[in-house]
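Q: Take a look at this one; I'll ask things after.
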Amino acid sequence: MRTSLLFALLGLLAGTAHAQDLLTKRTGEAVSVKVVEITPSEVKYRRADNPDGPLISLWRSDVYMIRYANGTQELLNGSPTLPAAPVTAAPPLAPASPAPAAQAALPAGVPMVGNQDPNDAVLAEPISLDGPRVGFTILPRGVLDKAHDSGTDLNPFITQFGWQFEKRLFRLPSGVSGLVEFVPLVGGLEQGQFLPSLSGLVGLRGAKGFEFGVGPNLTPLGSSIVLAMGTSIKSNGVNFPINLAVVPGASGVRVSLLVGFNARHR
């Protein structure tokens, strides 16, 4: 009786050890995982070699295909953009290279290696993001004097409230993205004032979230150039941007710090 139970337990463990899915990214990298959830924007999974480990989220647009443990396949996006890479899961669970089934599922005429057009390396997936922004601006003496001459008395520290509209125009395989942003703000509400401003920026964001941009800035007191830099912290599909903006001008330099959050949509 004990022997039968032992064999049954070993069979169950063996079946569990092989119950893994194969996730192929658009870069060609294949990873042995256990898929937990697929949402309209993300694929959530745990590594097959660490089934009790943390839940990992990956943008759905970054996943090419999933081959489930039962043999079925699900194609989520277009063809991979780079040569296939070895499976990253630890042996013996991970195969030494992407499974033949994953390569066989590629559309006809799409090479995994070799003479790809350089433009194929650019992931042309425009993505829109928007969300609230809050912060403050420090005004120089020249701006305060100019506002006073216009009949408005201000303290040098004003709060800012507004919204960020962002469009990701492209993303390279290295993770660098090209961005266009529009940020309308209203400042001075704590002083009983309504001071609108509008900034438009063109910039880049690195793979780790660092970003910078430059563009025009318009306020009732005039126009100037805004220089901005910062970072975006991503958590569970939500971005938390932190940006420092500098607006130089003839009346002095305005410095703003803005934070907020935004989520992507197509």
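The values are calculated or read from the model by the stated rules, or taken from the named source; none is laboratory data. Since this is a predicted model, take the numbers as computed values, not measurements. Note: ideal-geometry Cβ built from the backbone for every residue, glycine included; neighbour counts use all protein chains shown.
Q: Take region 144-153 and flag every residue that is modelled with pLDDT of 90 or more and surrounded by 15 or more Cβ atoms within 10 Å (Cβ to Cβ).
A: Leu144
Q: Hey, among Pro54, Pro95, Pro91, Pro80, which residue is in a loop (DSSP other than H, G, I, E, B) and modelled with pLDDT under 50?
A: Residue meeting the stated conditions: Pro95.
Q: Among Ala14, Ala19, Ala30, Ala8, which is aliphatic (A, V, I, L, M) and modelled with pLDDT of 85 or more?
A: Being aliphatic (A, V, I, L, M) and modelled with pLDDT of 85 or more holds for just one of Ala14, Ala19, Ala30, Ala8, which is Ala30.
Q: Sort out which residues of region 222-236 are farther than 20 Å from Leu204 by Cβ and either among the hydrophobic types (A, V, I, L, M, F, W, C) or surrounded by 15 or more Cβ atoms within 10 Å (Cβ to Cβ) (or both), and write them in order of number.
A: Residue satisfying the conditions is Ser224 alone.
Q: Let me ask you something else. Return yes or no: is Gly222 closer than 15 Å to Leu244 by Cα and modelled with pLDDT under 90?
A: Criteria not met by Gly222.
Q: State all residues of region 220-266 that are among the polar types (S, T, N, Q) and either assigned to a loop (DSSP other than H, G, I, E, B) or in contact with a helix residue (DSSP H, G or I) (Cβ under 8 Å, 6 or more places away or on another chain) (or both); if no residue qualifies, say none.
A: Asn236, Ser251
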